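The values are calculated or read from the model by the stated rules, or taken from the named source; none is laboratory data. Nothing here was measured: the structure is a model prediction, and the numbers come from that model. Cβ: placed from backbone, ideal geometry, glycine included. Neighbour counts: every protein chain shown. Remember, those area values only see protein heavy atoms, side chains included, never the ligands or the DNA or RNA. Shrake-Rupley method; radii C 1.70, N 1.55, O 1.52, S 1.80 Å.
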Amino acid sequence: MAAQKVQIFDTTLRDGEQVPGCKLNREEKLVIAGQLELLGVDVIEAGFPVSSPGDFAAVQAIARQVKEATVCGLSRAVENDIRVAAEALRGARRPRIHTGIGTSDSHVQFKLQTTREDVLRRAVAAVKLAKSFVEDVEFYAEDAGRTDNEFLARVCEAAIRAGATVLNIPDTTGYCLPAEYGAKIQYLRENVTGIEGVTLSTHCHNDLGMATANSISGVLHGARQIECTINGVGERAGNTALEEVVMIMRQHPYLNLHTGINTRLLAETSAMVAHLMSMPVQPNKAIVGANAFSHSSGIHQDGVIKHRETYEIIDPREVGVADSSIVLTARSGRAALAYRLQKLGYDLERAALNQAYASFLALADHKKEVVDQDLHVLIEQQNLVTAG
Ligand code: KIV
Ligand code: ZN
């Protein structure tokens, strides 16, 4: 059977940009939208048009600029939000309105201070209104992760009947376990009439560090769209990281799932978003962190020098990183030192290498990292003999 496509819905410019300090101006948003299109995302959630005149203008500009991807605007299940979103998206080739409402008891009682029946009614009215403007309407059941499955199924079924084309099942608070989230998607597939005609979408937050695992569990149970952000930026602990879910599906071909992402652009896209949002990527971040392909302990370095696959499951070039790196620290072994010295043009005899290694360790114990300049000085000061 041919691999099935999982749509990538990027919400860096909406859920990602909500983070304090990450605010982008319109030009910066246009640059990121252009890069997301190059990267091959299927949907760009460009913003929340009713939230401010600036966001409206940015969504409008992105809608006019983007050629291939669907451009989506968020709205609550509120008439004015939907009208404003529709207006902002008017120039888009493929517009989508993303509308919805909280469905968990906590949202119904405390946030909306209403009843489940009223939520159901508002959900239907919102989808119908959005549908009067655009063909492609995505409905979100906010806090679906903590929503009772029976009620969630009723809301989803009503949204489909009202015209929704995509159903978003957000784990808004990052609460679910992967098995629980997967079972929720499965439950909806088995209990919602008409669900085979719509796309089920995951939208997971990372409060317990499980956003990626939950999204993957969702697609393993039949979701065919993942909502995510570059570098996992987003509210609180963030959203599902785009680069992680894409590479998981790529590195596990037996899952029979694929995306349209050009993975060789992941590193540069990550760097662009980190720079424009002033949100540095943690060094140990999977796929795009500075240490993701660097090896510093002697045992690992020896393995990687002999064969990259001993300690790397991804060829760094696949994600746009030129090469793995061997970082020289006090935990490095002779093999790593010899390897780096060779790259610098020093091919040492065994005795000279032993001597260089002793000096290297003495230096490394006092430094976080020994760099090429240190090695030149070390070799020259000791006047070590090179082989051949
Ligand atoms: O996390 C969430 O529930 C959201 C919705 C607005 C889709 O971001
Ligand atoms: Zn969210």
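Per residue, how much accessible area does the chain have with a 1.4 Å probe, in Å²? Display every interim value, and only then the final one.
Working: 17340 Å² over 388 residues.
With the other protein chains kept in place, the chain gives 45 Å² per residue.
Report, in whole Å, the centroid distance computed from the Cα atoms of the stretch 15-68 and the stretch 183-206.
The two parts, judged by their Cα centres, are 27 Å apart.
Roughly speaking, what is the centre-to-centre gap between the stretch 233-254 and the stretch 313-388 when only Cα atoms are used, to the nearest Å?
Computed from Cα coordinates, the inter-centre distance equals 34 Å.
State the antiparallel share, in %, of DSSP beta bridges confined to the chain, rounding to the nearest 5.
Details: 3 of 43 bridges.
Of the beta bridges lying entirely in the chain, close to 5 percent run antiparallel.
Mind pulling the angle between the C-alpha long axis of helix 178-191 and the longest principal axis of the chain? Nearest 10 degrees, somewhere in 0 to 90.
Roughly 30 degrees, rounded to the nearest 10.
Could you work out the percent of alpha carbon pairs in the stretch 108-176 separated by over 17 Å, rounded to a whole number? Before the final figure, lay out each step's value.
Numbers: 941 of 2346 pairs.
Distances greater than 17 Å cover 40 percent of the Cα pairs.
Whole number please: convex hull volume per residue of the Cα set in the chain, in Å³?
On the way: hull volume 60.7 nm³, N = 388.
Taking the convex hull of the Cα positions in the chain, it is 156 Å³ per residue.
In whole Hz, what ³J(HN,Hα) sequence does the stretch 26-39 give by Karplus (6.51, -1.76, 1.60; θ = phi - 60°), x for Gly and Pro?
4, 5, 5, 5, 5, 5, 5, 4, x, 5, 5, 5, 4, 5
Leaving out ligands, DNA and RNA, what percent of the accessible area of the stretch 70-200 is carbon and sulfur, probe 1.4 Å?
Carbon and sulfur: 48 percent of the exposed surface of the stretch 70-200.
If you take the Cα atoms of the stretch 1-74, find Rg, then find the Kirkwood Rh from the mean of 1/r over all pairs, what is Rg/Rh? Display every interim value, and only then the final one.
Values: Rg = 12.7 Å, Rh = 12.5 Å.
On the Cα set of the stretch 1-74, Rg over Rh gives 1.02.
Counting only residues 5 or more places away or on other chains, whose amide H sits under 5 Å from the amide H of residue 171 once H atoms are built in the peptide plane?
145, 203, 204, 205
Using the beta-carbon distance between residue 128 and residue 208 and R0 = 51 Å, what value does 1/(1 + (r/R0)^6) give for FRET efficiency, to the nearest 0.05?
Numbers: r = 36 Å, r/R0 = 0.70.
E between residue 128 and residue 208, to the nearest 0.05, is 0.90.
Taking H placed 1.01 Å from N in the peptide plane, check which residues at least 5 places from residue 102 or on another chain put their amide H under 5 Å from its amide H.
Close amide H contacts, sequence-distant or interchain: 142.
What list of ³J(HN,Hα) values in whole Hz, one per residue of the stretch 365-381 in order, does the Karplus curve 6.51 cos²θ - 1.76 cosθ + 1.60 (θ = phi - 60°) give from phi, with Gly and Pro shown as x?
Whole-Hz 3J(HN,Hα) from phi for the stretch 365-381: 5, 10, 9, 6, 8, 9, 9, 3, 4, 4, 5, 4, 4, 4, 5, 5, 4.
List the residues whose amide H sits under 5 Å from the amide H of residue 47, counting only those 5 or more places along or on another chain, with H placed 1.01 Å from N in the peptide plane.
Here 74 satisfy the definition.
Compute the distance in nm between two label points, each set 7 Å from the Cα along the Cα-to-Cβ direction, one at residue 382 and one at residue 297.
Using points 7 Å along Cα→Cβ, the separation is 2.5 nm.
Considering all alpha-carbon pairs of the stretch 139-294, what whole percent are spaced by more than 20 angstrom?
On the way: 5971 of 12090 pairs.
Here the long-distance tail beyond 20 Å is 49 percent of all Cα pairs in the stretch 139-294.
I'd like the FRET efficiency for residue 196 and residue 312, computed as 1/(1 + (r/R0)^6) with the beta carbon distance as r and R0 of 45 Å, rounded to 0.05.
On the way: r = 40 Å, r/R0 = 0.89.
After rounding, the FRET efficiency stands at 0.65.
Run the quick spin-label model on residue 361 and residue 256: label points 7 Å from Cα toward the beta carbon, then report their separation in nm to one decimal.
Each label point lies 7 Å from its Cα, and together they span 5.4 nm.
So how strong a dipole does the stretch 24-74 carry about its Cα centre when Lys and Arg Cβ are +1 and Asp and Glu Cβ are -1, to the nearest 20 debye? Working shown, then result.
Details: 4 positive and 7 negative charges, 31 e Å.
Roughly 140 debye, rounded to the nearest 20.
Out of the total accessible area of the stretch 245-388 (probe 1.4 Å, heavy atoms of protein only), what percent is carbon and sulfur? List each step's numbers first, then the result.
Values: 4150 of 8030 Å².
Reported share for carbon and sulfur atoms: 52 percent.
Please report, in whole Å³, the volume per residue of the convex hull around the C-alpha atoms of the stretch 177-241.
Numbers: hull volume 4.8 nm³, N = 65.
Residue-normalised Cα hull volume stands at 73 Å³.
To the nearest 20 debye, what is the magnitude of the charge dipole of the stretch 74-196 about its Cα centre, counting +1 on the Cβ of each Lys and Arg and -1 on the Cβ of each Asp and Glu?
Numbers: 17 positive and 18 negative charges, 94 e Å.
The calculated dipole for the stretch 74-196 is roughly 460 debye.
May I ask you to derive the FRET efficiency for residue 1 and residue 220 from their Cβ-Cβ distance with R0 = 22 Å, giving the value to the nearest 0.05? Don't jump to the answer; show the numbers that get you there.
Working: r = 15 Å, r/R0 = 0.69.
Efficiency for this residue pair is about 0.90.
With springs connecting C-alpha atoms under 10 Å apart, model the chain as a Gaussian network and identify which of 171, 105, 15 has the largest mean-square fluctuation.
Result for the chain, Cα springs under 10 Å: 105 fluctuates most.
Of the accessible area of the stretch 1-53, with the probe set at 1.4 angstrom, what percent is carbon plus sulfur? Write down the numbers at each step before the final one.
Details: 1180 of 2080 Å².
Roughly 57 percent of what the probe reaches on the stretch 1-53 is carbon or sulfur.
Assuming a ≥ b ≥ c are the square roots of the Cα gyration tensor eigenvalues, decide whether the stretch 62-204 counts as rounded (a/c under 1.5), prolate (otherwise, with a/b larger than b/c) or oblate. Working shown, then result.
On the way: a/c = 1.76, a/b = 1.46, b/c = 1.21.
Judged from the Cα gyration tensor, the stretch 62-204 comes out prolate (a/c at least 1.5, a/b above b/c).
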